[in-house]
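K.L.:
One structure is given below, represented as structure tokens, and several questions about it will come after.
The values are calculated or read from the model by the stated rules, or taken from the named source; none is laboratory data. No experiment lies behind these values; they were computed from the predicted model shown. All Cβ positions, even for glycine, are placed from backbone atoms using ideal geometry, and neighbour counts span all protein chains on display. What goes into the accessible areas is simple: the full protein's heavy atoms, side chains included, and nothing from ligands, DNA or RNA. Shrake-Rupley method; radii C 1.70, N 1.55, O 1.52, S 1.80 Å.
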Amino acid sequence: MNTATGAATNASASVSAEPPDTLPVENPDALSPGPPAIVSAGPPATPAAPTESAAPPVVPSPRNPSDGPAGSDGLGTDPGDGDPAALKVVPARHYWRWVAGVAVLVVLAQFAHGLVTNPGWEWEVFFLYLTTDTVLKAVGVTLQLTVYGTVLGFALGVVLAVMRLSHSAILQTVAWTYIWAFRSIPLIVQLLFWFNLAYLYKELGIGIPFGPVLWSFDTMNLVGALSAAVLGLALHQAAYAAEIIRGGIISVDSGQLEAAAALGIPRLRQLRRILLPQAMRSILPNAANEVISLFKGTSIVSVMAIGELFYQVQVIYGRNGRVVPLLMVATVWYILLTTLLSIAQYYVERHFARGAERTPPPTPLQRARAFTHRMRATATTGGIGK
């Protein structure tokens with residue numbers, strides 16, 4: 001009996017070794033004396049190794065506001081390293097771009113200085129002939145040749161492009177042969193050929209093929225210098241316009257036309273509402289280049305003694321010997337009219353880009369207005385940062 005009591009005493013002592021904050025037993029009857037609990041034998045508990053005392057926390061010393069912004073010491077000790085919004089953003093510096101820009105500005109400044117100070121340009125003669133009646137009439141003839149050549153050339157180019165896209169082998173061959181021939185022959189040769197048409201054919205007639213002629217007319221007075229120039233320019237332009245238009249048409253996905261046909265949309269409406277608005281975005285840049293090239297190419301008709309701009313300038317400096325200032329007169333007019341054509345091209349392209357861009361880019365006039373408003377706002381507030 002004493003042995004059992006001693007075992008119970010040891011068991012109770014081992015139980016009392018538990019931490020003092022053990023939860024209370026809900027059923028006090030469980031503590032009534034009874035047979036001793038049998039505890040499964042296991043490995044003896046290993047006493048925990050003594051832990052070293054934790055190091056005291058490091059308290060940062062207070063910063064002096066005069067030390068500058070945090071992280072300015074270059075040691076990466078910015079307290080905002082964990083917050084991306086607190087990081088200092090440093091823009092990339094492209095020094096070689098500035099060097100190249102300064103070099104270009106220096107060259108342009110030297111060129112402008114030479115234009116102003118070099119007496120060989122004879123600017124007084126330039127301003128004397130820039131707006132004379134002879135030069136203005138020559139500019140009108142140049143514009144007339146450009147308009148006629150562009151309208152007739154692109155009208156014939158549309159027909160040739162449709163023939164190239166036709167399923168008829170005959171139409172395809174004829175259109176390809178025309179484009180091949182007129183792109184191969186130099187423009188000046190074509191102009192001289194049409195100017196001397198009366199030498200090859202004294203008369204032209206209309207009648208039954210290989211049969212009697214119903215109506216004929218003399219070619220001596222049919223094709224004059226201006227008519228031959230318009231004819232040569234238009235036929236030459238048609239060959240290039242045909243390829244530009246054909247390229248714009250085939251750039252549109254054929255599946256759109258197939259879907260429109262499946263919906264029962266008429267062919268003419270498919271062409272007007274689906275095909276052309278998308279094709280024009282590819283046609284316009286190249287077509288504008290051709291128009292500008294044709295405008296400058298009208299100077300070739302001077303070999304036919306037509307009073308266009310370059311021919312009249314040659315006549316004037318042939319009389320007074322002032323070659324450089326008269327050439328500058330023609331140059332300035334070509335630059336001015338080409339600039340107007342480029343501005344028109346920009347607005348036409350912007351119009352047809354409405355279906356491809358949700359927000360069209362601002363026009364140069366809109367950008368100038370926005371810049372003016374910003375400058376006024378800056379002057380009113382007294383600075384950008386205010």
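K.L.:
I'd like the residue in segment 193-203 that is open to solvent by 60 Å² or more (accessible area, probe 1.4 Å) and out of contact with any helix residue (DSSP H, G or I) (no Cβ under 7 Å at 6 or more places or on another chain) and, out of all such residues, is modelled with the highest pLDDT.
P.N.:
Step by step, filter segment 193-203, then rank; the result is F193.
K.L.:
Residues that are within 30 Å of P325 (Cα to Cα) and in contact (Cβ under 8 Å) with a residue 12 or more places away in the chain: find the helices (runs of 4 or more DSSP H) completely inside segment 104-202 holding 1 or more of those.
P.N.:
Filter on segment 104-202 gives 123-129, 133-164, 187-195.
K.L.:
Filter segment 103-151 down to residues that are over 30 Å from the mean Cα position of the chain (by Cα) and polar (S, T, N, Q) and give me whichever is farthest from V315 (Cα to Cα).
P.N.:
Here the answer is Q110.
K.L.:
Next up: Which residues, counting only those in segment 203-262, are closer than 22 Å to V158 by Cα, of a type in the set (S, T, N, Q) and part of a loop (DSSP other than H, G, I, E, B)?
P.N.:
Result: S251, single match.
Results for (1) loosely packed, with under 14 Cβ neighbours inside 10 Å; (2) modelled with pLDDT under 85; (3) under 18 Å from the mean Cα position of the chain (by Cα), shown as yes or no for each residue.
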| site | (1), (2), (3) |
| --- | --- |
| P325 | no, no, no |
| V329 | no, no, no |
| A353 | no, yes, yes |
| A356 | yes, yes, yes |
| R376 | yes, no, no |
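K.L.:
Somewhere in segment 133-152, is a residue modelled with pLDDT under 90, small (G, A, S) and open to solvent by less than 40 Å² (accessible area, probe 1.4 Å)?
P.N.:
no
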